[in-house]
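Take a look at the structure below.
The values are calculated or read from the model by the stated rules, or taken from the named source; none is laboratory data. Predicted model, so just to flag it, every value in this text is computed and none were measured. Every residue, glycine as well, gets a Cβ built from its backbone with ideal geometry; the counts of neighbours run over all protein chains shown.
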Amino acid sequence: MYHIIIVEDDEVIRQELSILLKNALYQVTEMSQFTHAADTIKKISPDLILLDINLPDASGMDICKKIRRNSEIPIIFITGNNTAMNELNCLQLGGDDFIAKPFNPPILLARISALLKRTIKDAAETLRFSHHQVTLDIRSAMLEANGKKIDLTKNELKILHFLFIHAGNFVSRADFTNYLWDNQVYIDDNTLSVNMTRIRSKLKEIGVDHFIETKRGLGYKLI
């Protein structure tokens, strides 16, 4: 079941979209707070975003820009500001589609379905992540570097996957715990530290040093 997040401040429209998507058998999350929308979306990691442009305390275009720094999640702008300039700006910022309000429900569902199908074609690529010559292969649960490979446990794989998704940014211990629990990996703070030590050891086995930085109060990041 695909997961779609609705970023829309108009409660009536948000509910209309939610009902439409749920009836089409999508999993739906509704967002009604927008100050830290981009960070929230990254944590939820949906399959597609329906994004309004004008939001209280935020701009849909700014949210799109932040998401596109390290994610290719499909984004469809749905807005009443349906000028040619707004459409051009949204697409140039990384939006995948632009639909004007009031929208036609069957056409919206068709656009969503088409975009998700195009995304599926690239699914194999999303199972491999690379950062500074180190590759994480989700399908085989392996790390690769310098022509060498090493197996990962389920916990190590989930931890590294989260780090690769947020490459270059610090991930707090709290964010790790929440993400792992959401993905049925039940580890505490101490177990996270143990797994990080094991991951660093495995990186050394394939000739990689100083790949994960730890900073008190901030967490971990790939460097």
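Does segment 75-93 contain at least one residue that is in a strand (DSSP E or B), of a type in the set (A, V, I, L, M, F, W, C) and out of contact with any helix residue (DSSP H, G or I) (no Cβ under 7 Å at 6 or more places or on another chain)? Lay out the reasoning, then the answer.
From segment 75-93, those in a strand (DSSP E or B) are 75-79; that's our starting set.
Those still in the list that are of a type in the set (A, V, I, L, M, F, W, C) too: 75-78.
Filter once more, keeping what is out of contact with any helix residue (DSSP H, G or I) (no Cβ under 7 Å at 6 or more places or on another chain): 78.
Yes, because at least one residue in segment 75-93 is in a strand (DSSP E or B), of a type in the set (A, V, I, L, M, F, W, C) and out of contact with any helix residue (DSSP H, G or I) (no Cβ under 7 Å at 6 or more places or on another chain).
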* Asked: Can you tell me which residues in segment 179-219 are among the hydroxyl-bearing types (Ser, Thr, Tyr) and either surrounded by fewer than 16 Cβ atoms within 10 Å (Cβ to Cβ) or at pLDDT 90 or above (or both)?
  -> Tyr186, Thr191, Ser193, Thr197, Ser201, Thr214
* **Considering residues of segment 88-142 that are within 23 Å of Lys65 (Cα to Cα) and polar (S, T, N, Q) only, the residue modelled with the lowest pLDDT** => Thr126
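Would you be able to tell me the number of residues in segment 147-160 that are under 15 Å from the mean Cα position of the chain (by Cα) and surrounded by fewer than 17 Cβ atoms within 10 Å (Cβ to Cβ)?
Result for segment 147-160: 0.
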* To do: Kindly provide the set of residues from segment 4-25 that are within 14 Å of Leu108 (Cα to Cα), buried (at least 20 other Cβ atoms within 10 Å of the Cβ) and either over 15 Å from the mean Cα position of the chain (by Cα) or at pLDDT below 90 (or both), ordered by number.
  => Leu17, Leu21
* How many residues does segment 63-74 hold that are surrounded by 14 or more Cβ atoms within 10 Å (Cβ to Cβ) and in a loop (DSSP other than H, G, I, E, B)? -> 4
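Quick one: count up the residues across segment 83-104 that are farther than 24 Å from Thr40 by Cα and either surrounded by fewer than 15 Cβ atoms within 10 Å (Cβ to Cβ) or not assigned by TED's automatic domain parsing to the domain that holds Arg14 (or both).
At the first step, the residues of segment 83-104 found to be farther than 24 Å from Thr40 by Cα are 83-88, 100-104.
Imposing the further condition that a residue be either surrounded by fewer than 15 Cβ atoms within 10 Å (Cβ to Cβ) or not assigned by TED's automatic domain parsing to the domain that holds Arg14 (or both) reduces the set to 83-85, 88, 101-102, 104.
So the count comes out to 7.
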